[in-house]
């Protein structure tokens, strides 16, 4: 299973453009920065390719993957609990604020050459718009502001596969974040 944050590009915007954020006093003579955004939604596009190799494990002829997009109450920099550890498992509800998307994709092999052990993997594209409609308050953790965190909340993507050995199915993801900067 792989887990990654979707808000990473927002942090990059603040690191590369601190002038769009607001300086605040932090202790005696120290300046930090803050910003607030309203995330309207995410436009997600996944391309998933089944396992492919010239030495393919027979069990990888019938792969499945699961993509879960969810919100955690933990901040952006916090280590969060993975909510799903298998294709069919229920969630660990200890850190879930909201599930935005939970989708399982079956990736059966289209053809298989027994003399070379080479297969033709399934390729699936999933496109989804996910409404978020949530405010995220950010603050810099140092000065100059090269690291940022949220007061609370993060949006995560968990990618789970039933493949036990390499080569695993491959995921390519593109995500467009629709957001506005908020004053105050």
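The values are calculated or read from the model by the stated rules, or taken from the named source; none is laboratory data. The model shown is predicted, which means the values in this text are computed figures rather than measured ones. Positions of Cβ are backbone-derived with ideal geometry, glycine not excepted, and every protein chain shown enters the neighbour counts.
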The range 168-184, subset part of a strand (DSSP E or B) and touching a helix residue (DSSP H, G or I) at 6+ places or on another chain (Cβ under 9 Å), residue farthest from residue 125 (Cα to Cα): 181
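Does residue 100 fit the bill of being at pLDDT below 90 and in contact with a strand residue (DSSP E or B) (Cβ under 7 Å, 6 or more places away or on another chain)? Steps first, please.
On the way: at pLDDT below 90: no; in contact with a strand residue (DSSP E or B) (Cβ under 7 Å, 6 or more places away or on another chain): yes.
No, not satisfied.
May I ask you to list the residues in the range 128-167 that are more than 30 Å from residue 17 (Cα to Cα) and either at pLDDT 95 or above or in contact with a helix residue (DSSP H, G or I) (Cβ under 8 Å, 6 or more places away or on another chain) (or both)? It would help to see each step written out before you state the result.
Keep residues of the range 128-167 that are more than 30 Å from residue 17 (Cα to Cα), which gives 159-167.
Of everything in the range 128-167, those that are more than 30 Å from residue 17 (Cα to Cα) and either at pLDDT 95 or above or in contact with a helix residue (DSSP H, G or I) (Cβ under 8 Å, 6 or more places away or on another chain) (or both) turn out to be 163, 164, 165, 167.
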Failed criterion for residue 115 (all others in (1) over 19 Å from the mean Cα position of the chain (by Cα); (2) in contact (Cβ under 8 Å) with a residue 40 or more places away in the chain; (3) more than 16 Å from residue 11 (Cβ to Cβ) hold): (2)
Among (1) under 30 Å from residue 33 (Cβ atoms); (2) more than 20 Å from the chain's Cα centre (by Cα); (3) surrounded by fewer than 12 Cβ atoms within 10 Å (Cβ to Cβ), the one test that residue 131 misses: (2)
Members of the range 65-90 found to be assigned to a loop (DSSP other than H, G, I, E, B) and closer than 30 Å to residue 139 by Cα, listed by number: 73, 74, 75, 76, 77, 78, 79, 80, 81, 82, 83, 84
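Looking only at residues in the range 102-127 that are in contact with a helix residue (DSSP H, G or I) (Cβ under 8 Å, 6 or more places away or on another chain) and under 16 Å from residue 161 (Cα atoms), which one is surrounded by the most Cβ atoms within 10 Å (Cβ to Cβ)? Outline the logic, then answer.
Quick first cut of the range 102-127, residues in contact with a helix residue (DSSP H, G or I) (Cβ under 8 Å, 6 or more places away or on another chain) only: 108-109, 112, 119.
Subset that is under 16 Å from residue 161 (Cα atoms): 108-109.
Working: 108: 12, 109: 17.
Here the residue is 109.
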Among residues of the range 93-112, those that are closer than 28 Å to residue 80 by Cβ and without any contact (Cβ under 8 Å) to a residue 12 or more places away in the chain, counted: 1
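Does residue 106 fit the bill of being at pLDDT 85 or above, in contact with a strand residue (DSSP E or B) (Cβ under 9 Å, 6 or more places away or on another chain) and assigned to a loop (DSSP other than H, G, I, E, B)? Full working, then the answer.
Numbers: at pLDDT 85 or above: yes; in contact with a strand residue (DSSP E or B) (Cβ under 9 Å, 6 or more places away or on another chain): yes; assigned to a loop (DSSP other than H, G, I, E, B): no.
It is false that residue 106 is at pLDDT 85 or above, in contact with a strand residue (DSSP E or B) (Cβ under 9 Å, 6 or more places away or on another chain) and assigned to a loop (DSSP other than H, G, I, E, B).
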